[in-house]
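Student: Just passing along the structure, written as C-alpha cells.
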Amino acid sequence: MYTGKLIFSQVMAHLPMQDFRCCVDRYNGNHKIKTFKCLDQFYCMAFAQLTYRESLRDIEACLRAQSSKLYHMGIRGGMSRNTLSNANERRDWHIYADFAQNLIQIARPMYAKEDLGLDLDNTIYALDATTIDLCLSVFPWAKFRSAKAAVKLHTLLDLRGNIPTFIHISDGKLHDVNVLDILPVEAGAFYIMDRGYVDFARLYGLHQAGAFFVTRDKSNLKYRRRYSRPVDKSTGLRCDQTIVLTGINTSGFYPVPLRRIKYHDAKTRKTFNFLTNNFVIPAITVADLYRYRWRVELFFKWIKQHLRIKSFFGTSENAVKTQVWIAISAYVLVAIIKKRLNLEASLYTILQILSVTIFERMPLNQIVTKKDCKMENNDMANQLNLFDKTLGH
C-alpha cells in the first residue's frame, strides 16, 4: 500500500517555492505575521479551486474535517474562515499576480512546439474579455451600469497550450479596446481579435511595433481598393485585396495599406471580412487564424465552469483579484503538471480527478492515468503463510 504524500502535496510540489518567496518579500506579505502566512493562504485558496468549494464556510468545514492532514498538506497556520477572509482582504493581490506570471513563464516553453495545424512559426495570441456580473450593493467599486456591477477579465491567450500570458482585471465599464494601450506587444507575433478591438490608431501602434493583427472589419468601413490577388474560391475565399482607408478620421489614424480578405464558411453559411497588416501569409491562413480565436472564448467558458471565479469569497477589490489570480495559478499549475508527467488526459479531466482524490495517498500520475497499483509480494516474504500445508508443525 502506498503511504507517501497526499495528492494535494504532490500537486503543490511542482510550485517554484523560491519564486513564491520572492513575490511575498517584494510586497512584504508576511510582515508582522506569525501564523497563517501567505503560503498558507495560497494553499487554502488553491484547495478551494481544485475541490470546487463555494464559500469560506465550505473551505473551513472541509479542511477541519481533515485536520489531521493539514500539516502534511503544508498548511501550518490555524485555518478559520475569518483568518482566510482577513488574509484575502489585506494581503496585497500583486503577490499572487506576480507568482501567476512566474508560473506562466514556466508553462509557455513547455507548449511552444505544439502543432496548431498552421505553417507558422510565429507566436499566435487571441485577445478577448469576459464579464463577470456582480451585485452593485455588495461590490460598489466594480462599476458597470446604474444598477449593476461587474468585473472584466481581459486575457491574452497563447494559442499553443492555451496559456494566458496577459491578464488585466478591471471594472465592467472599461471598454475592451482600451486594453490595447497596456498590452505588451511582441514583434513578429500575431494578435487575433474580434471587431470590438477595431480602433485604427491603436492597430497602427501594433503595426509600428512590428506585430501582426487579424480582425474583422465593421459594416461601415470606408476604403478604396488598390488591387486584388487571385483566390481559389473552392476554399471559401472570395477576394484578397489591398486597400487604403478613406474615412475622415481612419485615413489619418491608419495611413498605410491594409489587406482585406473575404471568406465564406460553408458550414455556418456566414461570410466574414478580415483585416490584417500581414501581406505574406496565404489568404486561407488568415481565415484559419481567426477561427482559432474561438479558443479564448472556450477558455473563458472553461474557467467559469471549473474554477471558482463566479462566486467570490470576499467583496473588496483586493479579495476578488486575489481569488482570480490564484485561480489562474491553479489552472497553469495543472498545465505544467500535465507536461512534466506526460499526461494525455485533458486539463478538465485532470482537475475533475483531483477534485475527488485530493486527500488520497497514491502516486499522482497513477491516479490520472488510471493505472492499477500492483501489490509487491516482497513485502510479505518474511511472513509465514498459516495456510501453507507444506510448513512443518
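Bear in mind these aren't lab numbers, they're just calculated from the coordinates by the rules spelled out. Just so it is clear, the model here is predicted, and its values are computed rather than measured. In this analysis, Cβ positions are derived from the backbone assuming ideal geometry, glycine residues included, and neighbour counts consider all displayed protein chains.
Student: If you add up the charges near Gly77, with Lys and Arg at +1 and Asp and Glu at -1, over every other residue whose beta carbon is less than 10 angstrom from its beta carbon, what do you get?
Tutor: Summing Lys and Arg as +1 and Asp and Glu as -1 gives +2.
Student: Where does each of 340-347, 359-366, 189-196 land if you order them by average Cβ count within 10 Å, highest first?
Tutor: For the peptides 340-347, 359-366, 189-196, the packing ranking is 189-196, 359-366, 340-347.
Student: Span-like helices, the chain: DSSP H, alpha-carbon axial extent 27 Å or more, mean Kyte-Doolittle -1.0 or greater, which ones?
Tutor: TM-like helix candidates: 317-340.
Student: Turning to a different aspect of this structure: Please give the length that would be gained between Glu186 and Lys339 if that part of the chain were fully extended, namely 0.36 nm times their separation in residues minus their C-alpha to C-alpha distance (nm, one decimal).
Tutor: Contour length minus the Cα-Cα distance gives 52.6 nm.
Student: If Lys and Arg each add +1 and Asp and Glu each add -1, what is the summed charge of the other residues whose beta carbon sits under 9 Å from the beta carbon of Lys173?
Tutor: Net charge around Lys173: +2.
Student: Which one of Phe253, Tyr223, Tyr263 has its Cα pushed farthest toward the positive end of the charge dipole of segment 197-278, where Lys and Arg give +1 and Asp and Glu give -1 at the Cβ?
Tutor: Tyr263
Student: Alpha carbon centre of segment 129-158 versus segment 22-39: separation in Å?
Tutor: Segment 129-158 and segment 22-39 have Cα centres separated by 29 Å.
Student: Could you work out how much longer the chain between Arg238 and Val356 gets when fully extended? Use 0.36 nm per residue separation minus the Cα distance between them, nm to one decimal.
Tutor: Computed gain between Arg238 and Val356 is 37.3 nm.
Student: Any idea what diffusion coefficient segment 73-223 gets from Stokes-Einstein, in µm²/s, Kirkwood Rh on alpha carbon pairs, 20 °C, 1.002 mPa s?
Tutor: Calculated translational D: 118 µm²/s.
Student: Using Cα pairs under 8 angstrom and six or more residues apart, how large is the relative contact order of the chain, in percent?
Tutor: Relative contact order here is 21 percent.
Student: Still on this structure, please answer the following. Can you order the peptides 158-167, 52-61, 243-252 by their average number of other Cβ atoms within 10 Å per residue, highest first?
Tutor: Top to bottom by mean Cβ count within 10 Å: 158-167, 52-61, 243-252.
Student: On to the next question. Provide the convex hull volume over Cα atoms per residue for segment 197-278, in Å³.
Tutor: With only Cα atoms used, segment 197-278 gives 97 Å³ per residue.
Student: Could you please state, rounded to a whole Å, how far the C-alpha centre of segment 329-356 is from the C-alpha centre of segment 168-216?
Tutor: 30 Å
Student: Something else about it: At 222 nm, what value in deg cm²/dmol follows for the chain if DSSP H runs of at least 4 each add -39500 (n - 2.57) and the sum is divided by all its residues, to the nearest 500?
Tutor: Rounded to the nearest 500, it is -11500 deg cm²/dmol.
Student: May I pose another question? Rounded to the nearest 20 debye, what is the charge dipole size of the chain about its Cα centre when +1 sits on each Lys and Arg Cβ and -1 on each Asp and Glu Cβ?
Tutor: 980 debye
Student: In sequence order, what are the phi-derived ³J(HN,Hα) couplings for segment 268-279 according to the Karplus relation 6.51 cos²θ - 1.76 cosθ + 1.60 with θ = phi - 60°, rounded to whole Hz, with x for glycine and proline?
Tutor: 8, 6, 10, 10, 10, 10, 9, 10, 8, 9, 9, 9
Student: What length, rounded to one decimal in nm, is gained on full extension from Val256 through to Lys301, with 0.36 nm per residue of separation minus their alpha-carbon distance? Don't skip to the end; give the middle numbers.
Tutor: Values: separation 45, 0.36 × 45 = 16.20 nm, distance 3.71 nm.
In short, 12.5 nm is gained.
Student: OK, next. Could you work out the local net charge near Lys218, counting Lys and Arg as +1, Asp and Glu as -1, over the other residues with Cβ closer than 15 Å to its Cβ?
Tutor: Numbers: positive: Arg195, Arg202, Arg216, Lys222, Arg260, Lys262; negative: Asp176, Asp194, Asp199, Asp217.
Result for the neighbourhood of Lys218: +2.
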